[in-house]
Amino acid sequence: MSIKDKILILHGWGGSDTPHWQAELAAAVAQNYGTVSFPLLDNCHFPSKNRWMKQVKAILEEFKPDTVICHSLANTLWFWLSFEEIPTVRRLFLVSPPSLTTEVETIKTFFPCNLPDALHAKEVTMIVSDNDPYINLEEARKIADHFGITPIVLHHAGHINTDSGHGKWELIENLVMGKKNDS
């Protein structure tokens, strides 16, 4: 199977190197002859919203992805980008967005964050956990409702990262690569 979409994977605070599911997904896409960009965003352990926005806007312009997959802080970054003129993508995956009022000093330039009216995506899939330490399920559902999305809620999946056991993750690979849910 080859993947026709150009896929951009955006990590959160601190990156998503192996064995994180995003690194595993990037490898799976490449192994299936897909085109993937999984950039290390600038100073990922001490990120700046303005620097990340500038970097991702350049990537969007140059790479022209069809699909974007965001994890954690990258969701907040996408919300901020959506207030600006950016290209519309075919599919957007929002995985484990943090609370819009997160108060972590290291990432304070991203918060508080308002929700844009639209996400510059034709199709949006949101995946959250019922015990994410960075957002409660009620707020996650409010974000989903704002965009008219019915989120996929995972039971006891934490922040859906390596710490919660999400290395190679079949669900996201199936959704992104079209092995399942082809309706």
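Odds and ends about this structure:
- J(HN,Hα) series, segment 46-51, from Karplus relation 6.51 cos²θ - 1.76 cosθ + 1.60, nearest Hz, glycine and proline x: 9, x, 10, 3, 5, 5
- Net dipole in debye of segment 34-137 [+1 Lys, Arg Cβ; -1 Asp, Glu Cβ; about Cα centre; nearest 20]: 200 debye
- For segment 1-100, trypsin sites (Lys or Arg not before Pro) are listed when DSSP marks them as loop and at most 15 other Cβ atoms sit within 10 Å of their Cβ; the list is Lys4.
- Expected 222 nm ellipticity per residue - DSSP helices of 4 or more, -39500 (n - 2.57), all of the chain, to 500: -8500 deg cm²/dmol
- In terms of its alpha-carbon gyration tensor, segment 75-183 comes out oblate; a/c meets the 1.5 threshold, while b/c is at least as large as a/b.
- For Lys6, residues with placed amide H under 5 Å, excluding near neighbours: Asp66, Thr67
- Its relative contact order, with pairs defined as Cα atoms under 8 Å and 6+ residues apart, puts segment 6-177 at 23 percent.
- Among the chymotrypsin sites (Phe, Trp or Tyr not before Pro) found in segment 79-125, those both in a DSSP coil and sparsely packed, with 16 or fewer other Cβ atoms within 10 Å of their Cβ, are Phe83.
- If you count Lys pairs in the chain whose Cα atoms are under 18 Å apart, skipping same-chain pairs closer than 8 places in sequence, the total is 15.
- The GluC sites (Glu not before Pro) found in segment 63-163 that occupy coil by DSSP, while having at most 13 further C-beta atoms within 10 Å, are Glu84, Glu85, Glu103.
- Restricting the calculation to alpha carbons of segment 6-177 gives Rg and Dmax of 14.6, 40 angstrom.
- Local electrostatic count at His11 - Lys and Arg +1, Asp and Glu -1, tallied over other residues with Cβ under 12 Å: -2
- Spatial separation of Cα centroids for segment 106-183 and segment 45-63, in angstrom: 20 Å
Where a number appears in this text, it was derived from the coordinates with a stated rule and is not lab data. Since the model is a prediction, treat every value here as computed from it, not as a measurement. Here Cβ is always computed from backbone atoms with ideal geometry, including for glycine, and neighbour counts include all displayed protein chains.
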